[in-house]
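The values are calculated or read from the model by the stated rules, or taken from the named source; none is laboratory data. What you see is a predicted model, and the numbers here were worked out from it, not measured in a lab. With ideal geometry, Cβ positions are generated from the backbone for all residues, glycine too; neighbour counts draw on all protein chains shown. Note: accessible area is taken over every heavy atom of the protein model, side chains too, but ligands, DNA and RNA are not part of it. Shrake-Rupley method; radii C 1.70, N 1.55, O 1.52, S 1.80 Å.
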Amino acid sequence: MAHIAFIGLGVMGGPIAGHLARAGHRMTVYNRSIGKAKSWAETYGGTVAVSPAKAAEHADIVISCVGTDDDLSQVTLGRDGAFRAMKPGGLYIDHTTVSARIARQLYVEGESRGLYFVDAPVTGGQAGAEKGSLSVMCGGSQPAVDAAKIVMQAYAARIVHVGKAGAGQTAKMVNQICIGGVVQGLAEALRFAQAAELNLDKVFEAISGGAAQSWQMDNYWKTMAADNFDFGFAVDWMRKDLGLALEEARANGATLPVTALIDQFFADVQAMGGHRQDTSALVRRITRA
Ligand code: NAP
């Protein structure tokens with residue numbers, strides 16, 4: 001069992017860190033708003049640290065799941081960042097969805113300090129984090145990813161080493177590009193079925209086992225039909241992620257015309273007040289006939 005420092009105890013990080021505690025690791029936790037760290041420690045045990053550096057100073061492994069590039073930069077390279085305090089040979093695993101650029105930068109910064117860095121974004125949502133069934137896509141060196149896999153098995157059903165540093169983040173962008181198109185298709189299909197005055201449960205029963213089947217259909221058809229958009233991954237996070245994909249496409253020469261359009265559709269949903277609604281809220285901007 002390892003001494004693990006965990007930074008960022010939000011919707012995803014809280015339950016992920018919980019699985020690590022249950023697996024028997026010695027945990028030190030840090031969160032920007034300290035109340036979350038204290039209530040996590042009341043539930044799972046472990047020690048609360050006052051900064052990422054304090055959390056990391058005696059840890060073998062540091063894991064983060066914060067929000068954005070700026071947040072990740074702050075908790076790693078900032079004045080009280082973990083990189084300053086980690087012991088040479090230490091392993092840093094990051095589960096935040098961020099740019100491939102910062103993942104590559106942290107790999108290089110880590111190398112110069114004798115640290116191993118693995119970019120390891122996740123998919124599977126809040127439910128996957130709580131059940132311990134996340135999929136993790138990893139970028140980094142083989143020994144680092146092999147070491148990371150041993151601890152990540154506590155909360156992941158699938159762990160794939162995609163390639164070198166940054167490849168985990170670019171794979172996550174592929175994931176988000178796929179989701180954007182599918183959710184828009186689903187939203188249009190639902191509005192079409194409503195305009196045709198079909199029984200939506202019967203439509204679902206008829207088509208959800210065939211070629212139109214998708215995770216999005218299985219999880220969102222019925223809640224979308226009920227105008228209920230309170231089920232997980234938020235529109236604000238999706239806009240962040242599509243922005244990362246569009247930025248990466250500018251660098252690698254890929255064209256993403258539909259993704260760019262759907263990003264603008266999500267901006268419409270934000271303007272309608274749907275920042276924290278789930279991504280199926282895309283349907284809200286299509287007028288019901
Ligand atoms: P969240 O609930 O907002 O949690 C983020 C946590 O990180 C919060 O507890 C926050 O502290 C902490 N944090 C943020 N910036 C920090 C900083 N600069 N220093 C210290 N702590 C900081 O978000 P989440 O839903 O867990 O998502 C986390 C990441 O996973 C995001 O990159 C997201 O895109 C990705 N992701 C999310 C999902 C999902 O379904 N939610 C699925 C896959 C991937 P405070 O309490 O102070 O805000």
Tell me, yes or no, whether the stretch 126-133 has at least one residue that is surrounded by fewer than 21 Cβ atoms within 10 Å (Cβ to Cβ), touching a residue at least 40 places away in the same chain (Cβ under 8 Å) and among the charged types (D, E, K, R).
yes
Top-ranked residue in the stretch 105-151 [being of a type in the set (Val, Ile, Thr) and in contact with a strand residue (DSSP E or B) (Cβ under 9 Å, 6 or more places away or on another chain); ranked as farthest from the ligand (Cβ to nearest atom)]:
VAL108
Report, by residue number, each residue of the stretch 1-43 that is assigned to a helix (DSSP H, G or I), more than 15 Å from the ligand (Cβ to nearest atom) and in contact with a helix residue (DSSP H, G or I) (Cβ under 6 Å, 6 or more places away or on another chain).
ALA21
Within the stretch 136-150, tally of residues that are under 15 Å from HIS25 (Cβ atoms) and either open to solvent by 10 Å² or more (accessible area, probe 1.4 Å) or free of Cβ contacts under 8 Å to residues at least 40 places away in the same chain (or both):
3
From the set of residues in the stretch 111-137 that are assigned to a strand (DSSP E or B) and polar (S, T, N, Q), which is farthest from PHE233 (Cα to Cα)?
SER135
Check on THR97, within 11 Å of the ligand (Cβ to nearest atom), β-branched (Val, Ile, Thr) and assigned to a helix (DSSP H, G or I)
no
Lone qualifier among ALA154, ALA187 - being at pLDDT 95 or above and part of a loop (DSSP other than H, G, I, E, B):
ALA154
For VAL174, are the conditions met, namely being open to solvent by 80 Å² or more (accessible area, probe 1.4 Å), within 16 Å of the ligand (Cβ to nearest atom), closer than 26 Å to PRO257 by Cα and of a type in the set (Val, Ile, Thr)?
yes
Can you confirm whether the stretch 202-220 contains a residue that is open to solvent by 40 Å² or more (accessible area, probe 1.4 Å), modelled with pLDDT under 95 and of a type in the set (A, V, I, L, M, F, W, C)?
yes
Do you know which of the residues in the stretch 23-46 that are more than 22 Å from the chain's Cα centre (by Cα) and of a type outside the set (Gly, Ala, Ser) is surrounded by the most Cβ atoms within 10 Å (Cβ to Cβ)?
HIS25
Counted residues, the stretch 50-66 - those being within 15 Å of the ligand (Cβ to nearest atom), in a loop (DSSP other than H, G, I, E, B) and free of Cβ contacts under 8 Å to residues at least 40 places away in the same chain:
2
